[in-house]
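For reference, the structure is listed below as structure tokens.
Nothing in this text is a laboratory measurement; each read-out follows from the coordinates by a stated rule. Here the structure is a predicted model, which means the values were calculated and not measured. Because the Cβ atoms are built from the backbone with ideal geometry, glycine has one as well, and the counts that use them run over all protein chains shown.
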Amino acid sequence: MPIPRGRSLLLTVVAAGVAAAASIAVIGTAEAATTLGASAAQTGRYYGAAVAAGRLGDATYTGILNREFNSVTAENEMKWDATEPAQGRFTYANGDRILNQGIAMGAKVRGHALLWHQQQPGWARSMSGAALRNAAINHVTQVATHYRGRIHSWDVVNEAFADGGSGARRDSNLQRTGNDWIEAAFRAARAADPGAKLCYNDYNTDGVNAKSTGIYNMVRDFKARGVPIDCVGFQSHLGTGISGDYQANLQRFADLGVDVQITELDVAQGGNQANIYATVTRACLAVARCTGITVWGIRDSDSWRTGENPLLFDNSGNRKAAYNSVLSALNAGGPTSPGPSPSSPGPSPSTPSGDGCTATVSLNAWNGGYVATVRVTAGATAVNGWAVGVTLPSGSAVTNVWGATSSGAGATMSFRNVDYNRQIAAGGSIEFGFQGTGAGPGSASSCRVG
């Protein structure tokens, strides 16, 4: 099980069952996907799970993981105490196991977490001042460098704000090294891995409250001063209700120019569990810069919330009513998709087109296979229908496609919109993807409207 967090959950909430405000277009039955990851991918998002290396030998656990999810997060294996148990001695074996699991699945991998006031190794807890600051920044640099180019998003700093009504920073040994320690960590992470999205992550921030507003003000300041921050994570450990301004809170952060992610979702079992899961899903789909959702574990028996049965699968690995509600919400997913990020890993240069659109390819490749994510961006005029041409390297073959229909054979493939992503606003983007064997394409060869 994940090491218990020293914190209180926000289990008293304002309202249950709030509906997403945005209009959602319905995907036709023929296009509805049958797993969480594939359904999320249809909207350009991921649906992931937190993974424990020690459970990867459990066939039921890994079977659900491989089938259902297209993103993985290490529960504990990439934290400070796990990766640097003695100062200057770095150990990555278990973190690498989870990374390799994600790569083998063709999934995105989230890094969690570079700096946190908890789960520090004993040697760091005994330090203070400049010595601790230097050690912390070296830790960020070394770990982010080790995983450079292979992590989709890093939780660079975790839970640095206090609970209660102050909106202030949490008092911790890291905070006492100077108020700029969070900024220093983000700058070090960007230098070590320029391609990873850099996130701040916290809990009890699901609605507009003093704590979430304190974080909002920090993010606004960082964006104004050019501090590299790309995303904000909302843990969303929920009880039997959900804040009535959940979606509005996500949107106000997105309006600052950062992506938002639901990073550690779990919901106490009760009469509203399925409805709350669906509400969170619809809220993410309604916010264009909400890039994905991660549930904190797979089966109820894997959860750190003992006895609350807060996940989508029961102890035996059976789908619960909450699973069905999430899948239905994802398959009703709307035309919105996450906006461009300044730090998406590994995109190809835009393919020029005189026909009003461009296409870029981001590749997640491993020995013998790959997943390609293609972003189609409209020019100065809105697009109503698009097609992208891709030339595959010799020996490559496409095995699975989402968010598009495909045609062609051999080296030349064409991908065309499906109904829900036909229309792209002027300057806007959508994403589709495909999986294949062999080497993946480095770029798209054409993009045309119509």
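Segment residue 62..residue 397, full-extension length gain: 118.0 nm, with 0.36 nm per residue of separation and the alpha-carbon distance subtracted.
Compared with the alpha-carbon gap, the fully stretched path from residue 123 to residue 425 is longer by 103.4 nm at 0.36 nm per residue. Structural size metrics of region 201-341, computed from C-alpha coordinates, are Rg and Dmax of 15.3, 50 Å. Each Lys and Arg adds +1 at its Cβ and each Asp and Glu adds -1 at its Cβ; summed about the Cα centre, region 94-233 shows a dipole of about 280 debye.
Each Lys or Arg adds one and each Asp or Glu takes one away; over the other residues whose Cβ falls under 10 Å from the Cβ of residue 114, this sums to 0. A Förster radius of 51 Å, combined with the Cβ-Cβ distance separating residue 168 from residue 407, puts the computed FRET efficiency at roughly 0.35. Each of the peptides 370-378, 202-210 was scored by the mean count of other Cβ atoms within 10 Å over its residues; in descending order, highest first, they stand as 370-378, 202-210. Here, region 109-162 has an Rg and a Dmax of 11.8, 33 Å when only alpha carbons are counted.
Cross-link reach is defined here as a Cα-Cα straight distance under 16 Å, omitting same-chain residues fewer than 8 places apart; for residue 223 the lysines meeting it are 197.
Comparing 270, 247, 407 along the charge dipole axis of the chain, the residue lying farthest to the positive side is 407, per the Cβ-charge model.
Hey, what angle do you get for helix 273-286 against the long axis of the chain, alpha-carbon based, 0 to 90 degrees rounded to 10? Computed tilt is about 60 degrees. Separation of region 299-334 and region 258-292, taken as the distance between their Cα centroids, equals 12 angstrom. Under the convention that each Lys and Arg Cβ holds +1 and each Asp and Glu Cβ holds -1, the size of the dipole of the chain around its Cα centre is about 500 debye. Length gained on full extension, residue 255 to residue 306, computed as 0.36 nm times the residue gap minus the Cα-Cα distance: 14.7 nm.
Beta bridges assigned by DSSP with both partners in the chain are antiparallel in approximately 55 percent of cases. In the chain, helical runs assigned H by DSSP with n ≥ 4 each contribute -39500 (n - 2.57); averaged across all residues and rounded to the nearest 500, the mean residue ellipticity at 222 nm is -8000 deg cm²/dmol. Placing unit charges on the Cβ atoms of the charged side chains and taking the dipole of the chain about its Cα centre, the candidate lying farthest along the positive direction among 59, 207, 153 is 153. When the Cα gyration tensor is reduced to axis lengths a ≥ b ≥ c, the ratio a/c is 1.5 or higher for region 114-210, and with a/b not above b/c it is classed as oblate.
Restricting the calculation to alpha carbons of the chain gives Rg and Dmax of 21.1, 64 angstrom.
Of the residues 414, 303, 316, the one that moves most in a GNM of the chain with alpha-carbon contacts below 10 Å is 316.
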